[in-house]
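Chemist: Handing you a structure now.
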Amino acid sequence: MSPTRDRIQVLWMGRNNYYQTSQVVSDVTACAAYVLTGRVIVLSVVNAEGEGVGTTAYNEIIQLDSELAALPGIQYIDVRSLLVASYDPSNPQDVTDHANDIPPTSLRYDNLHYNNAGYAIVAKAVADRIKALGW
């Protein structure tokens, strides 16, 4: 038996193939089924700079996140919305990002990946959920 099958698993997958919704859902489902404890947290797929409201990428990511949220037997955390809501209202670029429903520039070090402040928000959300569940 794998030493990780009896632990809490946090899955943050699907960003690189978000446009293959059924494949991502299948992959997440398979990974969740592998965990013996059933203690599985799935994080939402996030959109990047240029993937705001009205873009094909945005629509596909929102659809995928909706399907991930509906999966039985997992704890889903919408980190995408949490990050979007964590924008700095005094930062004009963050305000623009927020209006486009994109995680803010101030929390990223490039067009997609997060800086320490962004990852701290994600980590806190995961820790809070684990604590709330008593895991």
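The values are calculated or read from the model by the stated rules, or taken from the named source; none is laboratory data. Bear in mind the structure is a predicted one, so any value in this text is a computation, not a measurement. Using ideal geometry, Cβ is built from the backbone for each residue, glycine included, and neighbour counts are taken over all protein chains shown.
Chemist: Give the range 17-43 a look and list any residue that's within 12 Å of P72 (Cα to Cα) and crowded, with 19+ Cβ neighbours inside 10 Å, or say none.
Modeler: Residues satisfying the conditions are V28, A32, V40, I41, V42.
Chemist: What tally of residues in the range 74-109 results from selecting those that are part of a helix (DSSP H, G or I), in contact (Cβ under 8 Å) with a residue 40 or more places away in the chain and in contact with a strand residue (DSSP E or B) (Cβ under 6 Å, 6 or more places away or on another chain)?
Modeler: The total comes to 1.
Chemist: Let me ask you something else. Spot the failing condition for L112; the list is (1) surrounded by fewer than 19 Cβ atoms within 10 Å (Cβ to Cβ); (2) among the aliphatic types (A, V, I, L, M); (3) free of Cβ contacts under 8 Å to residues at least 40 places away in the same chain; (4) farther than 19 Å from Q23 by Cβ, and only one is missed.
Modeler: (3)
Chemist: Six or more apart or on different chains, Cβ atoms under 6 Å: show the pairs whose first residue is in the range 13-38 and closer than 13 Å to L68 by Cα and among the hydroxyl-bearing types (S, T, Y) and whose second is modelled with pLDDT of 90 or more and assigned to a loop (DSSP other than H, G, I, E, B).
Modeler: Matching pairs, first to second residue: Y18/V45.
Chemist: Among the numbered conditions (1) in a helix (DSSP H, G or I); (2) in contact (Cβ under 8 Å) with a residue 24 or more places away in the chain; (3) farther than 19 Å from M13 by Cα, tell me where G118 comes up short.
Modeler: Of everything listed in (1) in a helix (DSSP H, G or I); (2) in contact (Cβ under 8 Å) with a residue 24 or more places away in the chain; (3) farther than 19 Å from M13 by Cα, G118 misses just condition (3).
Chemist: Still on this structure, please answer the following. Just checking, does the range 120-134 include any residue being in contact with a Pro (Cβ under 8 Å, 6 or more places away or on another chain), farther than 26 Å from A30 by Cβ and either of a type outside the set (D, E) or buried (at least 17 other Cβ atoms within 10 Å of the Cβ) (or both)?
Modeler: Taking the range 120-134 and keeping what is in contact with a Pro (Cβ under 8 Å, 6 or more places away or on another chain), we get none.
No, the range 120-134 has no match at all.
Chemist: Something else: Looking at (1) surrounded by 18 or more Cβ atoms within 10 Å (Cβ to Cβ); (2) farther than 21 Å from Y114 by Cβ; (3) more than 14 Å from the chain's Cα centre (by Cα), can you tell me which one T56 breaks?
Modeler: The single condition T56 does not satisfy is (1).
Chemist: Right, something else. Taking the range 21-52 on its own, how many of its residues are in contact with a helix residue (DSSP H, G or I) (Cβ under 7 Å, 6 or more places away or on another chain), more than 19 Å from A125 (Cα to Cα) and among the hydrophobic types (A, V, I, L, M, F, W, C)?
Modeler: Selection size over the range 21-52: 3.
Chemist: Are there any pairs with C-beta distances below 9 angstrom linking a residue in the range 56-68 that is without any contact (Cβ under 8 Å) to a residue 40 or more places away in the chain to a residue that is part of a helix (DSSP H, G or I) and among the polar types (S, T, N, Q), with the two at least 6 apart or on different chains, and if so which?
Modeler: The qualifying pairs are D65/S81.
Chemist: Regarding G50, is this residue in contact (Cβ under 8 Å) with a residue 60 or more places away in the chain, surrounded by fewer than 15 Cβ atoms within 10 Å (Cβ to Cβ) and either basic (K, R) or in a loop (DSSP other than H, G, I, E, B) (or both)?
Modeler: It is true that G50 is in contact (Cβ under 8 Å) with a residue 60 or more places away in the chain, surrounded by fewer than 15 Cβ atoms within 10 Å (Cβ to Cβ) and either basic (K, R) or in a loop (DSSP other than H, G, I, E, B) (or both).
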